[in-house]
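The structure appears right after this line, and notes come after that.
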Amino acid sequence: MRGTRLEIRTAALAHNAGRARRLAGDAELFAMVKANGYGHGLLTAAQAMAPAVEGFGVAVMEEAVALRDNGIAGPILVAEGFFDADELEHARRRSLEVVVHSLWQVQLLLAKPAPTRIWLKLNTGMNRLGLRPEWALQAAEQLAAAGMKPLGIMSHFACADDATDSVSEKQLLLAAEVAQRLQLPLSTANSAALIRYPHARGQRVRPGIMLYGSSPLDWQSASDLDLQVSHRFSARLIAINDIQPGESVGYGATWTAARAGCVGVVAVGYGDGYPRHAPSGTPVAVNGQPTILVGRVSMDMLTIDLNGIDAQVGDEVELWGDAVAVDAVAKACGTISYELFCQITARPARIVV
C-alpha cells in the first residue's frame, strides 16, 4: 500500500465542539459542517459534534438533505438559502432553516406563502450577501404579514480574525439595532468572534474552523485555545537520494543544494490535495522529527530535506497534524487551514478514529 492517509479524529471533534459549547454560554450553538465538514466528512463531523450542539449549519441545500437523509433530525441552517422555488419547497418539506439574503428570495417566498423557517441576513459592511438594514426591515414586515415571521436576524463579521479589527463592533451595533427593532434573536458570531467577543454571542453562534482544531487567530495557536487536532495528513518515504552541492531537485530546478546531503522522496503530491504552491521551507516531520520541504511539489510526490534526520524508506512523514501544525503549513503556503482541509482529494486513504 502506498501509505498516504488522512486520519479523522472524532474524539477531537467532540472535544472542540465542547470547547465552543462552553464559550457560547446561553446562546444556541450551531456547528458549521459545510464543505463536507471542512474536509472531515459531513456526517462524521455532525455525528461527532451532535451531543454538544443545538443544530448544524451548511452552505447549500444538498448538504442539508444529506444530513436529513442520514438521520440528523435537529435544526439545520442553510447559509446560502434556497436558489429557486424547488429548493424552497425542499426546505419547507424537510423543516430546514433558510437564510434569506436577497430581495429575489423575498419575492419567491411572497409568491407562494407557506410556513418557512427564515433567518434574515443583513449586509452590515461585508458587502457579500445580505439585505441592507432598511430593506431587511421592510422584508420582515412583508413576510410577517404573509404568515412567515422570521426566526431571527443574522450577519457575518468581515474582520473578527484581524488583530487590529475595528470593523466588527460597528457591524454588531448595526445588526443588534435591527434585531432590537424587530424583536428577533440575533446571530453574528463565527469562531473568531466567539473567542474574542463574548458580547457578540447574541442568541446563536455559528463557529466553524475552531471545531476542526485550527485557530482562527494568527496570534494564538490551536493548543493555546485548548483545541485538539482532528485532521492528520501523512505519507511514506519511498526513496532517499544523496545530493551534491550545486545539484537541484524537482521540476523547474527551484531548489539547489548548498552542501552535500540527503533528500527524501515522499508519496504525496497535489494529486492528493497537498498544495502545489507550497514553497521550499514548508514544515513537515519525519517520525516526529521536524524538517522542511525542498523543491517543487509534483502531482504524486514531493521532496524533503533529510540532513540530520534518522530516516529510512517506509518511514512516516507527517504533512500536518500532531508534530506539524496545520496553521504553520497554511502560513508557509500563504493560505488558510480551511483550504488545506477542504482540498484533500479522494486518493489518500481516509481513516476515521
request  = Please report, in cubic angstrom per residue, the volume enclosed by the convex hull of the alpha-carbon atoms of segment 104-227.
outcome  = 108
Radius, Kirkwood style, for segment 104-174 when every pair of distinct Cα atoms is counted (Å) = 13.2
inquiry  = For segment 160-282, report the % of Cα-Cα distances exceeding 20 Å.
reply    = 64
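Return the inverse of the average 1/r over all pairs of distinct C-alpha atoms in segment 51-167, which is the Kirkwood hydrodynamic radius, in Å to one decimal. Present the calculation step by step, with values, prior to reporting the outcome.
Details: mean 1/r = 0.0671 Å⁻¹.
Across segment 51-167, the inverse of the average 1/r is 14.9 Å.
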inquiry  = I need the phi-derived Karplus couplings for segment 317-322: 6.51 cos²θ - 1.76 cosθ + 1.60, θ = phi - 60°, integer Hz, Gly and Pro marked x.
reply    = 10, 8, 7, 7, x, 8
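Heavy-atom accessible area per residue, the chain, 1.4 Å probe: how many Å²?
Details: 15150 Å² over 353 residues.
For the chain, the solvent-accessible area averages 43 Å² per residue.
Hey, could you get me the Stokes-Einstein D for segment 247-299, Kirkwood radius over alpha-carbon pairs, 37 °C and 0.692 mPa s, rounded to whole µm² s⁻¹? Kindly include the intermediate steps, with their values, before the conclusion.
Numbers: Rh = 11.8 Å.
The diffusion coefficient I find is 279 µm²/s.
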ask   = Taking Rh as the Kirkwood radius, which is the inverse of the mean 1/r over Cα pairs, what is the Rg/Rh value for the chain?
value = 1.06
note = Mean-square fluctuation maximum in Gaussian network of the chain, Cα pairs under 10 Å, restricted to ALA140, ALA27, ALA111, hits ALA111
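Hey, any idea what % of segment 204-353's accessible area is carbon plus sulfur with a 1.4 Å probe?
Values: 3240 of 6390 Å².
Percent of accessible area from carbon and sulfur atoms in segment 204-353: 51.
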request  = Enter the mean projected area of the convex hull around the alpha-carbon atoms of segment 1-62, in nm², rounded to one decimal.
outcome  = 5.1
Phi-based couplings in Hz for segment 184-196 (Karplus 6.51, -1.76, 1.60; Gly and Pro marked x) = 10, x, 10, 9, 9, 7, 8, 4, 4, 5, 4, 6, 8
task = Starting at the first residue of segment 37-53, write each ³J(HN,Hα) from the Karplus equation 6.51 cos²θ - 1.76 cosθ + 1.60 with θ = phi - 60°, in whole Hz, x for Gly and Pro.
result = x, 6, x, 9, x, 4, 6, 4, 5, 4, 5, 5, 8, 3, x, 9, 10
query = How long, wide and thick is segment 156-195, going by the Cα atoms along their three principal axes, in whole angstroms, largest first?
reply = 32, 17, 12
query = Which far-off residues, 5 or more places away or on another chain, put their amide H under 5 Å from the one on ILE238, with H placed in the peptide plane?
reply = VAL265, VAL266, ALA267, GLY314
note = Surrounding charge for GLY288, neighbours by C-beta under 13 angstrom, Lys/Arg +1, Asp/Glu -1, total -4
request  = Would you mind checking which residues have amide H under 5 Å from THR254's amide H? H placed 1.01 Å from N; only 5 or more apart, or other chain.
outcome  = VAL249, ARG296
request  = Roll a 1.4 angstrom probe over the protein heavy atoms and tell me the percent of accessible area of segment 102-168 that is carbon or sulfur.
outcome  = 53
task = Principal axes first, then extents: for the Cα atoms of segment 255-353, list largest minus smallest coordinate on each axis, whole Å, largest first.
result = 37, 28, 23
request  = Name the residues whose placed amide hydrogens come within less than 5 Å of the amide hydrogen of ALA189, ignoring near sequence neighbours (fewer than 5 apart) on the same chain.
outcome  = ARG206
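Can you run the Rg to Rh ratio on segment 180-219? Use alpha carbon positions and the Kirkwood inverse-distance Rh.
Values: Rg = 11.7 Å, Rh = 10.9 Å.
Result: Rg/Rh = 1.08.
The values are calculated or read from the model by the stated rules, or taken from the named source; none is laboratory data. Please read these numbers as outputs of a predicted model, since none were measured by experiment. Here the Cβ is made from the backbone with ideal geometry for all residues, glycine too, and neighbour counts use every protein chain on show. Surface areas here come from the heavy atoms of the whole protein model, side chains and all, with no ligands, DNA or RNA. Shrake-Rupley method; radii C 1.70, N 1.55, O 1.52, S 1.80 Å.
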